[in-house]
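Since every read-out is calculated from the coordinates, none of them should be taken as a lab result. In this text, all values refer to a predicted model and were calculated from it rather than measured experimentally. All Cβ positions, even for glycine, are placed from backbone atoms using ideal geometry, and neighbour counts span all protein chains on display.
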């Protein structure tokens, strides 16, 4: 939590944003949007099935602030992805949490393969959404309508492309929540003036042999 | 650690990268480069004064893998920044760790105001380096030569601009370590094809009133 107060003391007039964590989540899927959104005058909670440390896909461990039962009402639910998404999509308690909280939240923001979790839980059925470029066919199999955009909105569902796209998505959401000045202040404070050393961030711009290599290694049918 | 092995079992023929954590570190300063570099076939450790959870500046808690004494030999030391940098620069144990490990590492990569820590510890004295745009004058006061670039190399010292610049820096370092194909594979796997919704990521492009607001709120003399 960004305030050092227990969940019960969360002020009801502040926006509360919950970041879902689960074993095998991709760290940047969660921390990218967290870094942007936690700079707003809001309350943030990292929420997981239990308050035990959560091991991300590469080993980094995060500590959840609250468990599912102890989670305050959420205005925004952020659902990251990662290799752990496969297991998360078979976890009834997690899917129920996503389904229940999506119903009352103003915004549900999925990052990367987090969209597959929201689709499996139900709320993205028949809706337009983006996801990691390798997971688009899988998203269709799960009942959503995959779109190739980096940040896509359909009603209260905001979805983003793979991993790093969560930063762009969170800046968009920050502007929706508190206006463009707030979002631009955050963008400048995190010096988000990206200058990738290669042009390889999308399957349409990366060298074909790099695209092929990742397709061959993907856990999703292509 | 990205391998589920204790520090003693770290293979000596693998590159080992240590990510320094301290109270008040900015989460994305650490996790941005971590997300890129942990995708290489290397060993990563998050290292802090103790193995107790580290609270980042916005509240998110990370668990270090090793403490200073238990840290294996590091080929690369990554030093993130954040508001906790002020306290870190007065912490003799932390400064000694940075000084000692910088001496033997092949690369010392600072992110954001992490450069102030490396400068205070000693190794950046008289060297060219970049940092968060609000901290350039402070970096000069600490004895380094501030440069306005997003990623700057001087000998074995790789420095980056504010917060999100660590992703660009880490892709540069990934290419140095394992070649451009490896770096591009990572860039595509994290879909790093940035599309910020505003043009506000640098003080030269952001609206002047946004720049002024952040200058006025900075903890550094401008």
Problem - Subset of the range A:93-112 that is closer than 25 Å to residue A:201 by Cβ and not in a strand (DSSP E or B) - its residue that is farthest from the other protein chains (Cβ to nearest Cβ) - result: A:111
Exercise for the section: May I ask you to list the residues in the range B:37-57 that are in contact with a strand residue (DSSP E or B) (Cβ under 7 Å, 6 or more places away or on another chain), more than 25 Å from residue B:177 (Cα to Cα) and within 11 Å of another protein chain (Cβ to nearest Cβ)? Expected result: B:51, B:53, B:54, B:55, B:56
Practice task
Scan the range A:133-184 for residues that are surrounded by 23 or more Cβ atoms within 10 Å (Cβ to Cβ), within 19 Å of residue A:17 (Cα to Cα) and over 15 Å from the mean Cα position of the chain (by Cα) and jot them down.
Solution key: A:183
Fill in the blank from the handout: Considering residues that are more than 23 Å from the chain's Cα centre (by Cα) and not in a loop (DSSP other than H, G, I, E, B), the number found within the range A:188-212 is 5
Fill in the blank from the handout: Picked from the range A:72-83 (must be in contact with a strand residue (DSSP E or B) (Cβ under 9 Å, 6 or more places away or on another chain) and surrounded by fewer than 23 Cβ atoms within 10 Å (Cβ to Cβ)), the residue nearest to residue A:148 (Cα to Cα) is A:75
Handout entry: The listed residue being in a helix (DSSP H, G or I), touching a helix residue (DSSP H, G or I) at 6+ places or on another chain (Cβ under 7 Å) and away from chain A (no Cβ under 11 Å), out of B:183, B:115
Key = B:115
Exercise for the section: Check A:135, A:170 and return the single one that is under 27 Å from residue A:14 (Cβ atoms), assigned to a helix (DSSP H, G or I) and within 14 Å of chain B (Cβ to nearest Cβ). Expected result: A:170
